[in-house]
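Here is the structure we will look at.
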């Protein structure tokens with residue numbers, strides 16, 4: 001059984017995202033929520049749990065688009081409503097990205 005492992009509050013975020021897992025081609029998905037420690041992204045195909053990659057998406061902060069690109073690890077991959085929900089944990093989020101995420105979550 002899956003248990004909740006989130007360590008921070010989440011906020012809805014519906015935007016396009018791109019992920020390049022190590023040794024794999026870039027894939028596109030859409031985000032569903034964002035927290036200080038990670039993001040959930042929906043994909044048509046599963047991604048390998050435990051692997052790391054580069055996650056990219058944009059946030060709308062004070063009327064401006066802010067690009068976020070971060071190393072992240074896939075913590076889970078769940079099939080739901082015909083797609084795969086993948087939970088990513090940010091790894092060593094850069095200060096600018098951390099600040100942008102914190103501002104979005106306010």
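Read the figures in this text as sums done on the coordinates, not as results from a lab. For clarity, every value in this text was computed on a predicted model and none was experimentally measured. Heads up, the Cβs are rebuilt from the backbone with ideal geometry, glycines too, and the neighbour counts pull from every protein chain shown.
For the chain, find the longest principal axis of its Cα atoms and tell me its angle to the long axis of helix 95-105, 0 to 90°, nearest 10.
So the helix axis and the longest Cα principal axis differ by about 90 degrees.
Could you work out the Kirkwood radius for the stretch 11-105, taking every pair of different alpha carbons, averaging 1/r and inverting it, reported in Å? Can you show the working numbers first?
Values: mean 1/r = 0.0760 Å⁻¹.
Result for the stretch 11-105 stands at 13.2 Å.
If contacts are Cα pairs under 8 angstrom and at least 6 residues apart, what is the relative contact order of the chain in percent?
Values: 232 pairs, mean separation 25.7, N = 106.
About 24 percent, as a whole number.
Give the order of 58, 9 when sorted by the count of other beta carbons within 10 angstrom, beginning with the fewest. Mind dumping the intermediate values first?
Working: 58 17, 9 11.
Result, fewest neighbours first: 9, 58.
What 222 nm value per residue comes from the helices of the chain, counting each DSSP H run with n ≥ 4 as -39,500 (n - 2.57) and dividing by all residues, nearest 500 deg cm²/dmol?
Values: 1 runs with 11 residues, N = 106.
The helix contribution divided over the chain gives -3000 deg cm²/dmol.
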